[in-house]
Every structure is written in C-alpha cells, then in structure tokens.
Amino acid sequence: MPHQSSTKYASLRKNVSDLGRILGEVIALAEGDDFLAQIEKIRLLSKDSRSGSEDAFDQLQALVSNLDEKQLVPVARAFSQFLNLANIADQHFSISREMDNELSALLTLEKAVEEVSSNNDRANIVKAIDELSIELVLTAHPTEITRRSHIHKYAQIDQCLSDLELDGRTERETLEIHNRLRNLITQLWYSHDFRSERPTPVDEAIWGFAVIENSLWNAVPEFIRRLDKVKRDATGEGIDLRARPVKFTSWMGGDRDGNPNVTAKITERVLLLSRWKAIDLYHRAVNALVEEMSMTVANDELKNMAGSAREPYRAVLRNLRSRLADTLKFLKACLDGEKVSRPESCICHEQELWVPIHACYQSLIECGMHSIAEQQLMGLLRQIRCFGVTLVQHDLRQESGRHEEVFQALTQALSLGDYATWEEDQKQTFLLAELNSERPLFPRNWQPSADIQEVIDTCRVAAKQDPDVLASYIISMARHPSDILEVQLLLKECGCNYQLPVAPLFETLDDLRRAPSVIERLLSVPGYKELIENRLLIMIGYSDSAKDAGVLAASWAQYCAQESLVQVCDKAGVHLTLFHGRGGTIGRGGAPAHDALLSQPPGSLKGGLRVTEQGEMIRTKLGDKSIAVKTLALYSAAILRANLCSPPKPEMAWRDIMNQLADDSCEAYRDVVRVNPDFVPYFRQATPEQELANLPLGSRPARRKSGGGIESLRAIPWIFAWSQNRLMLPAWLGAGIALQKQLDAGKLEILQEMASKWPFFATRLSMLEMVFAKADLRLSKYYDDKLVEADLKGIGQDLRIAVKNDINTILTIVGRKALLEDQAWGRDSIELRNIYTDPLNLLQAELLKRSRHFTNRDIEDAIMVTIAGVAAGMRNTG
C-alpha cells in the first residue's frame, strides 16, 4: 500500500480502493448515508492527524469520545472490516500474477539453488535437496481471532481478486465478479464478528484439519512439483517419489500443558478424527480417479492385481475405494462411541495406500502414458508420503511437574519415600533401575488421584497407537535428565512398545543456559543412547524465554544453547533435531521465516527444520494454497542456503559484545517488569489485558494458574495486550539501553561490522526497527491519560522516553535517518493502516474507560471489535 507515486503497486492500490468503496456502499445501505458520512469524517481526521495536524487529532479524540452507545459497535466494525479487506488485498498481491516474476515459489527456489551452486558441486546440491526436511507443527495457541465462517469468505474474496486478473473477461463476467464481491462483503457486514463460545480442543483440531483439507492437501504436491523442476534443471535428477521433504504435526488436542480441557479422552477422539479426515480425503481422490482411469493397456503387474477385469486401473482403484469406504465406516462408528471390531479390509498403514496407487503409476509410465501418471497419480503419491493415513502426526505435551507428581505419589504408595524430595542422582538411579526391570511398577490396587490418573491415561492412549500416529512427547519446563527419564518410564509401564521420541523443552533463560549440561549428562546415562536409538529431539522455547528475560537476552541464549547442543550431540554421535517453538510476533521469537533461519547458528539445521506455526500465522502463511506453496519454498530456500552456505561463526569480539548486551538488556528488562512493584498494576490499567480474557480465542486459559503476576501470565496475552496499546513493550524493552551502553563505550564501528557481516545480529536490529515503526507513543499516552491512575503514569512516561532514545540508538547503528527507510513497502503499508487503526485505538481506550466503571453488551461487543481491528491493523495478535 505504498505512495501514489509508485506504479509498481498500482493493482494493489486499486484492489484496496475497490474493496473499500464496496464496503462503504454496503455500510451506507445498512446504516444510512449519515452514518457513512460520519465514518468518512473520522477517516479524514485520522488522515490529517497522521499528516501532523494536532488539531485534527484533538477533533478525532473528541468525536470518538462522544459517540452514542448505539454507534460504538458499527463505527468499530467499519474500520475493522476495512483493515481485514486491506489485508486480503495485501496478501493477494504477494501471489498475484503481477508479482510472479519477483515473488513466486519457483523463482525463490531457483535463486537459492543458483546462489549455493557457486560454492558447491552437483553432488552436494543433490544431497542437500534429498535431505531436505521441513516439519511444520500446527498449534492451537489462542491467537486466531477470526471466525472460520469469515475465513471462508475472505478466501472467496481473494478468489475474486484472482479472477479479476484474468485477461479476456467479458463485461458480464467482470460485473459478476464485482457482484460476488459485494455479496461477500454484505455477508460479512451482517454477520457476527466473533464466536459465541470458546472453541473446545476438538473444535481447534477440526479447524486445523480444515486448513489441511482446503490448502495444504493440494499445496504439498504443487510445492514438490516446483522443487522437482528446480532440482532437475540444476542437477539432471528429479525428486524421488518416496521423498518426504515436508510433513505436518499437530498440537491440537495433544497439548495439555496448562490446559485442563485437553484430556486423554479428548486426545483419543482427535486422533480418530485425524485418521477419519485423511481417509475421507483419499476416498474422494480415489473416487475421482475411478471416473477417469478407463484405459485398458497395462503392464503385467497391474493385470495380475486386477484379475480378469477389462479396465485394470479401475478394477484396482475400485477395490481400494471399497477398502477406504469400509475404513470410513469403521472410524465413524468409533467416533460415535460404538464398540465395533476393526474389519480386515480396514486401511491402517501407508503402504496399503501406496501399493495400488504406485502400481497404477508404474503401469502408466511403462505403457507410455507419462502425462496421466505425472498429472493424476504423482500428486496422490506425494500426498500419501506427506500425510500418511493419519493426515498429521500428533505431539503430546505436558509440564514436567505433572510427571514428578506421579512418581511422588507412586513412591509413597510403595513406601519408598517422597520422590519429590530426592536428589537428582537418586531419582536417576531409581528411574534407570525401573526402566531395566521386567516387573510391573504400578501397584495392583493403586488408586491415584484424578490428576495423576489423567497423566497415566494419556500415556496409555499413546501406548495404544501405531508407531506412525504420534511424533513426540514434549516436556515443558524440563530442567533435569530425570524429567526425560520419568516420561520414558511412564510410557514403558503403560505398555508403549515402540520408541516414541521424548523431547525436553527448554524455555526460560536459566533453562536455556543449563540445557547443554543437562543433555550432556542425559547422554552419559548408561544405555540411554541405545534407548533413543541415537536420535534426539530438543525443543527451544522462544515465547517464555523472551517474557522471562527480554528479547535480546533470550535470543542470544537461544543461539548459544543451539550452538552448544549441536556440539554436545555431535560429540556423542547422536543425531539432533532442534524444534523451534516460535510465535508469530517478534516478542515471541517471530521473524520473517527466511531471515530467522539464516540467523541460526551454523550446523543447527543439519538435522532438518521442525518449527511451530501458531494461531493466526497458520492462516496467514498456510491457509491459502498459493501462499502455502510460497511459504514452503521460502523455508526450503533458507535451509539450503544455511546448510550449503553456512552463516559465519561469530568472532570472539562479537561474542563478548553479545554477552554484555544480553546481561545489560536482561537487567534493564527485569528492573522494569520484575523489580518495580508498580509495573503490574500499570500494565493491567494501561492495556486491555483484563478484557482479553473475555475473548473466545481458544480452549486454553490465559494464565497457567489463577492470580500471580507477569510470571503466571502466558506469553500470548502478554504480547497481545501490549500490541493493542501500541507500546509493543515485550518486543524491545531492555535492548535499546544495552545497545546504547555499547555506543557510549565507543563500540559503534564493531556494532556496524556485526550488523553487516552477521545475520543473527542484523536480524535482531531489523526486528527492532519494525517494532518501533509499529509503535505509537501518542496513542500509548492517550491510553495512559484515559485509563491509568495518576501515581502510575510516570511508568508510561519513562517507557515512552525509552522508546525515543532506543529509536535514535537503532538509527545510529544502522546509519539511517528514519525507520524502515530502505523498506518502502513495509513502511507505506504501516502508514496506510495507521489511518484506520488510530480511530480503533482511540475508541478502544474510551471503551475501556467506560467498561471499567459500567459495562453492557454494546460496550463489551465494541471492545472485542476494536481488539480484533487493531490486531488486523498490526498484522498480528500474539
């Protein structure tokens, strides 16, 4: 949404303008011309205010503050809806035909391979592409604020914009597209903006499966088709049919950390639903093939499979279709609670799908029908390899303390003492002895508490699954080797006869710093490497470490932990996969995917990429087929670059500075967040943190436990609240002060060297620059003026002064006069959104003031709309 002088973005500007015009016409019909005139007056005042007019800002404040109660919701909705439509246009532009020569997935991959070719021979490139491993873990963190019905309408609007790009349309066809747009926008205006109730964990899983069905199911073969072309052009070899460069895992229905709504029964149901959806998709795909595969020429293998059938392909496919139908019937009965025996025809393993489809494919190839094989069959074979018979694999996650409680109760029941009071060595000795024992550990008549039984039931659910259903068991707040051994023993005692990876999650600053020694000690435990078959999964937590220590200290701790963990596992001869628990926002470790991956320590991606995709980022990056293909290409390009053109190792002088920056920034961050006793009251008054609890965002509570301060608040609402009042505090606090100390010590030249030569440091500065571009001190002050008690306002004043100083610090280091000076698209997009976001911020502050004295349904609804609108304007929630 850049300036009018740019011709490059003409189609984007036109789409934004057209969608805004249609929205205005819909609003006028629904609410009247006078109401639309008022919306336009607010917009123009906001525009003039952004141009520097203080008088316009004062008029805007007065107008918003004096809105009649019945106008609150429609005014908020008008600006919120425009921002949503602008986001659709913006996102569509990145995959439009106009930008195909600059932003296409194929071009992204071609550029990456061309770049690495200068330093690598053909064999290295072949090996790197063959070993490409991207595992995206879809989580149900409560940041998706948009209703599923609205998401569907947004997808339809995007399709209309695509249709308008096609040449040769008649006037009638163009009119029909515009009428469809008007129809969809009218539907949006007359629909409720939010769910009426919080989603259950099953609802969240169904939403995730819908993303796969509507986007990823077809995006994966399309992506591999592009990757195959690039590899074939560069090396003469294509992608092997059995290759699986990308796969998906889900936390939805499996992540029980702090979420009492996720139970063993819920997990079991989600696992069934996952399998049912996969079989349903295969049934539809095979049914479509049956309609087309009427050919009679086949090789001997297929003829033998088909018997005497005149149309061998149809015969083989009909048999598969029948088995799929039987499987669907069986799974449906299980979901309905019926106790039924599994039929012999039921499909349980990937190979049962692969064999008949591959036989048809091979026959078509051998009989000269390459085009049919490669267009109709190859895509399905790629889907079988990616999605298997379960659609996704599933992770289980639980907090380490819950496992310790099991063994505390168990040792007391066995009169062995209190496990919770034992030293680490004593715990390990006990756990290892029981892991090697053949006798049962659980007493026959033991009746544990409901919480302990729930942990045991979850492990029993895991034990019942086929080995390809679950991907891993994640232990949050892992601090000692015993935390991992506890889960290994629980799984053994519950009858798990396959090797389920058990992964520690290191997520606070102290945990990250201790992680290498914990893993070194774990791998030195006799027999443990054999137990895990020399393969280890370790999760790095970004959100909680940033909330604990600030983004700069956390990011350096994450970097050092990964670096050391790679060394520890290399020394031990263990294959390490690092699992990155990133959020979508900068305050939760988020960054543009390509930049984030290139800023990782050298060698940290050798074991492949496993990374979370959370909340609204799933829809933003994976919810549309074309965008999903582009996202997978960006990940692939970054991994190839990182593994074949390894980023530079930081020089010792850079490390020394980063160590000092981490210490100084952590101290500055904690001085504000932890030491100042007035900070928590200020936070709760200056942001909509309390009101966020009313949003029906997700099944998981906002707090790990009731009461408490910042430490008990989850990272997502912590970030979300500060993005609403535009101070963006978690994404910058402490970093600028630490950097300025280095400038004061005469280190400008070395900081600039780090920025130009070290991707890790350059990415940190780039993210800070983006955060400050989105922050707005005038609006932050407005929230304080409206909502904060007089004796707490000094905190906000000090924080705003810190932002001003930090901006100057960043600009000094990067050598520019203004934020985002070299990023016209990003800067102009923020500037345009501000015109529509500012009224929402002003209205939100006024509504929060009213609601904290007296509230009703209109005020509550309007607050929810402003929260959603600001999130849309900022392009993120948590």
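The values are calculated or read from the model by the stated rules, or taken from the named source; none is laboratory data. Model, not experiment: these values are computed from the prediction. In this analysis, Cβ positions are derived from the backbone assuming ideal geometry, glycine residues included, and neighbour counts consider all displayed protein chains. Protein only, heavy atoms only, side chains kept; ligands, DNA and RNA dropped before computing areas. Shrake-Rupley method; radii C 1.70, N 1.55, O 1.52, S 1.80 Å.
Over region 485-548, what percent of the accessible surface lies on carbon and sulfur atoms, probe 1.4 Å? Write out the running numbers ahead of the final one.
Details: 990 of 2150 Å².
Solvent-exposed carbon and sulfur of region 485-548 make up 46 percent of the total.
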Once amide hydrogens are built 1.01 Å from N within the peptide plane, the residues lying 5 or more places from Ala503 or on another chain with amide H under 5 Å from its amide H are Tyr473, Ile474, Ile475
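Please state the charge dipole magnitude for region 8-73, taken about the Cα centre, from unit charges on C-beta atoms (+1 on K and R, -1 on D and E), reported in debye and rounded to the nearest 20.
Values: 9 positive and 12 negative charges, 116 e Å.
About 560 debye.
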Take the alpha-carbon centre of region 51-101, take the same for region 177-213, and report the distance between them in whole Å. 21
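Which of the peptides 811-824, 301-314 is most tightly packed, and how do the rest follow, going by the mean number of other Cβ atoms within 10 Å of each residue?
Numbers: 811-824: 14.7, 301-314: 17.0.
Result, highest mean Cβ count within 10 Å first: 301-314, 811-824.
Could you state the accessible area per residue of the chain in Å², with a 1.4 Å probe and every protein chain left in place? Intermediate results must be reported in sequence, preceding the final value.
Numbers: 35170 Å² over 878 residues.
Accessible surface, normalised per residue, equals 40 Å².
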Amide H contacts under 5 Å for Ser250, placed H, 5+ residues apart: Leu138, Gln393, His394, Asp395
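Provide the FRET efficiency to the nearest 0.05 for the Thr235-Gln499 pair, computing r from the beta carbons and using R0 = 45 Å. Could the numbers behind the result be given before it?
On the way: r = 34 Å, r/R0 = 0.77.
Working from the Cβ atoms, E equals 0.85.
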Would you work out which of Gln91, Ala10, Thr108 lies farthest towards the positive end of the dipole of region 1-139, given +1 charges on the beta-carbon of Lys and Arg and -1 on that of Asp and Glu, about the Cα centre? Ala10
Per-residue accessible area for Lys786 at 1.4 Å probe radius, Å² rounded to 10? 50
Residues whose placed amide H lies under 5 Å from that of Asp624, excluding near-sequence neighbours: none
Over region 469-566, what is the relative contact order in percent, taking alpha-carbon pairs closer than 8 angstrom and at least six residues apart? 31
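Between Asp785 and Asn808, what's the calculated FRET efficiency when r is the beta-carbon distance and R0 is 22 Å? Round to 0.05.
0.35
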Area accessible to solvent at Glu530, 1.4 Å probe radius, in Å²: 130
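By accessible area of protein heavy atoms, probe 1.4 Å, what ranking do Asp548, Asp167, Asp33 get, highest first?
Numbers: Asp548 20, Asp167 150, Asp33 115 Å².
Largest accessible area first, the residues go Asp167, Asp33, Asp548.
Counting only other residues whose beta carbon sits under 15 Å from that of Gly20, what net charge do I get with K and R as +1, D and E as -1? All intermediate terms of the calculation are to be shown ahead of the outcome.
Details: positive: Arg13, Lys14, Arg21, Arg43, Lys47, Arg77, Arg182, Arg833; negative: Asp18, Glu25, Glu40, Asp90.
Once all neighbours under 15 Å are counted, the net charge is +4.
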Sorted by accessible area (1.4 Å probe), largest first, how do Arg169, Arg850 line up? Arg169, Arg850
Cα centre as origin, Lys/Arg/Asp/Glu Cβ charges: the chain dipole, Debye: 920
Roughly how many whole Å is it from the C-alpha centroid of region 355-402 to that of region 415-473? 36
Ignoring any ligand, DNA or RNA, what whole percent of the accessible area of region 346-462 comes from carbon and sulfur when the probe is 1.4 angstrom? 45
Rounded to the nearest 10 Å², the 1.4 Å probe accessible area of Ile835 is 20
By residue number, which cysteines of the chain lack any other Cys whose Cβ falls under 4.7 Å from their Cβ? Cys160, Cys334, Cys346, Cys348, Cys360, Cys367, Cys386, Cys496, Cys560, Cys569, Cys645, Cys666
List, in order, the whole-Hz ³J(HN,Hα) value for each residue of region 726-738 obtained from phi through the Karplus relation with A = 6.51, B = -1.76, C = 1.60 and θ = phi - 60°; use x for Gly and Pro. 6, 8, 6, 3, x, 8, 9, 4, x, 5, x, 4, 5
Calculate one ³J(HN,Hα) per residue across region 782-794 by plugging θ = phi - 60° into the Karplus curve 6.51 cos²θ - 1.76 cosθ + 1.60, and present them in order as whole Hz with x for glycine and proline. 4, 4, 4, 4, 7, 10, 9, 4, 4, 6, 9, 5, x
Pop out the carbon and sulfur fraction of the accessible area of region 211-336 as a percent, whole number, probe 1.4 Å. 45
Exposure ranking of Glu171, Glu98, Glu613, Glu165 by accessible area [1.4 Å probe, largest first]: Glu171, Glu98, Glu165, Glu613
Determine the distance separating the Cα centre of region 233-294 from the Cα centre of region 798-856; give it in Å without decimals. 41
